[in-house]
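The values are calculated or read from the model by the stated rules, or taken from the named source; none is laboratory data. Because the structure is a prediction, the values reported are computed rather than measured. Positions of Cβ are generated from backbone atoms using ideal geometry, with glycine treated the same way; all protein chains shown enter the neighbour counts.
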Amino acid sequence: MTPRQKELIKATVPILKEHGVALTSHFYKRMFTHHPELKHVFNMGNQQSGKQQTALAMAVLNYADNIENLSVLRSSVTQIAHKHTSLDIRPEHYAIVGKHLLASIGEVLGEGATPELLEAWGVAYGQLADIMTGIETGLYKGATAKEGGWTGWRPFLVKQKERESAEITSFYFYPADGGRVADFQPGQYVSVRLFLPELNLFQPRQYSLSNAPNGEYYRISVKKEAGANLRPNGLISNRLHDHIEEGDIVEISAPAGDFILNTSKSGPVVLISGGVGQTPLLSMLDYLISTNSPREIVWVHGSRHPNVHAFKDRIEALHGQQQRFKRHIFYDQLEEIAPEHPYYAGVVNLKQLKEKAILPGADYYICGPAPFIQKQFQDLRALEVNKAAIHYEEFGPNVLALH
């Protein structure tokens, strides 16, 4: 890009801050009108909630704001690339997106979208597309290089369906072709693609793997959503609960994601979760236990009440087996429990735990609803935990920017 083009891109930052979501909303509507087949690729639940439009607006804004120093975007770009490969996004999709994004800039900005500005954004988008496709090509190659690896969608057999609580059920997936499954990093996810009759669409959804790598099967643990008027995200989760049975075939993409346990470290690990957010942390926990890791492990989990607390017995069993493993459980609704048990009333409160959870040299992994992540992140920072030691996973499009 020329200095003039970078200057033009930077000049659009104030406009993107004020009208970014309007622009991305127009873009998605325009693209789906011309390419309805892409509704099978994109998560229409995130479209309906507005999360995807917000996430894209933030991404475009960050790109424009850092056009002179793209290295600061490395982490967020890598995160997006992982999600793209899990959805089988390919280079040809970038050409479609670019065409309609540039057209949307022209239509939304009107007279402000001069030919010079549109040319600058065309060059900028081409640069971004090259960066993204380069990273994604590497991820695809890495996936196929693994034993049992693949790209795109692969059929898996549901061999076991196990209820974990009143709301959460686990599904055990084995390759329908009888082959092996690729190993993965504890904390990663897979995409599951199902046909939704209500929308007459195939829809992908990403679910964290809730077990340690084993070379034979993958396990996801899914929460059933309540309510009569469910968004598409809830429709997929509930279809798994209500219609997918043992013996059925589902399509799954290869494991992806950069929210992973750093297995090269030797310091303590503190796993902090809310509700079904425990799933990627369960994978990390199972890995640490199954590999006889000498690292100290602290499990901090919040649930509404014991009846919806999934994997409670599993956590208790591990606690009984491993002296280096400690657990602290918070319930919004806490009935009579013996005081010597590690149960607490209310939401997860790290300030209440203090030295029981804040350990020298520890790494902290957080997963749960966005407000939960924000609270735990802020509490850890208030307890003087270094930001570099805090890692979090936000389910769905990334809209959190924690500092």
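Residues in region 282-310 that are over 19 Å from Gln323 (Cα atoms) and of a type outside the set (S, T, N, Q): Gly302, Arg304, His305, Pro306, Val308, His309, Ala310. Looking at Phe42, Phe27, just one residue is under 30 Å from Leu196 (Cα atoms) and outside any helix (DSSP H, G or I), and that residue is Phe42.
Could you tell me whether Ser75 is of a type in the set (Ser, Thr, Tyr) and at pLDDT below 90? Yes: the conditions hold for Ser75.
Of all residues in region 33-63, those satisfying the criterion of being more than 24 Å from the chain's Cα centre (by Cα) and touching a residue at least 12 places away in the same chain (Cβ under 8 Å) are His34, His35. Of the residues examined, Val300 is one that is touching a His at 6+ places or on another chain (Cβ under 6 Å), in contact (Cβ under 8 Å) with a residue 12 or more places away in the chain, more than 26 Å from Thr144 (Cα to Cα) and surrounded by 16 or more Cβ atoms within 10 Å (Cβ to Cβ).
Restricting attention to region 268-281, the residues that are modelled with pLDDT of 95 or more and in contact with a Lys or Arg (Cβ under 8 Å, 6 or more places away or on another chain) total 2.
Residues considered: Ala113, Ala95. Of these, the only one that is under 30 Å from Ser253 (Cα atoms) and either of a type outside the set (S, T, N, Q) or surrounded by fewer than 19 Cβ atoms within 10 Å (Cβ to Cβ) (or both) is Ala95.
Remark: pairs (first residue in region 128-139, under 21 Å from Leu61 (Cα atoms); second residue part of a helix (DSSP H, G or I) and aliphatic (A, V, I, L, M); Cβ separation under 7 Å; 6+ apart in sequence or on different chains) = Ile131/Val77; Met132/Val77; Met132/Ala81; Ile135/Val77; Ile135/Ala81. Does region 118-131 hold any residues that are surrounded by fewer than 18 Cβ atoms within 10 Å (Cβ to Cβ) and hydrophobic (A, V, I, L, M, F, W, C), and which are they? Matches in region 118-131: Leu118, Val123, Ala129, Ile131. For region 315-328, the candidate set comprises residues that are closer than 23 Å to Thr169 by Cβ and without any contact (Cβ under 8 Å) to a residue 12 or more places away in the chain; within that set, the residue that is surrounded by the most Cβ atoms within 10 Å (Cβ to Cβ) is Glu316. Every condition in (1) modelled with pLDDT of 90 or more; (2) under 30 Å from Arg4 (Cα atoms); (3) of a type in the set (Ser, Thr, Tyr) is met by Thr85 except one, and the failing one is (2).
Of the residues screened, Gly138 is one that is on the phi < 0 side of the Ramachandran plot and surrounded by fewer than 17 Cβ atoms within 10 Å (Cβ to Cβ). In region 225-237, the residue that is modelled with the highest pLDDT out of those that are farther than 12 Å from Met44 by Cβ and out of contact with any Asp or Glu (no Cβ under 6 Å at 6 or more places or on another chain) is Glu225.
Condition check ((1) modelled with pLDDT of 95 or more; (2) in contact with a strand residue (DSSP E or B) (Cβ under 7 Å, 6 or more places away or on another chain); (3) not polar (S, T, N, Q)) across all residues:
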residue	(1), (2), (3)
Gly134	yes, no, yes
Tyr140	yes, no, yes
Ala143	yes, no, yes
Lys159	yes, yes, yes
Arg163	yes, yes, yes
Phe171	yes, yes, yes
Tyr174	yes, yes, yes
Gly179	no, no, yes
Phe195	no, yes, yes
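Which condition number in (1) within 25 Å of Ala256 (Cα to Cα); (2) at pLDDT 95 or above; (3) surrounded by fewer than 20 Cβ atoms within 10 Å (Cβ to Cβ) is the one that Ile366 fails? The number of the failed condition is (3). Of all residues in region 342-364, those satisfying the criterion of being of a type in the set (Gly, Ala, Ser), at negative phi and under 27 Å from the mean Cα position of the chain (by Cα) are Ala357, Ala362.
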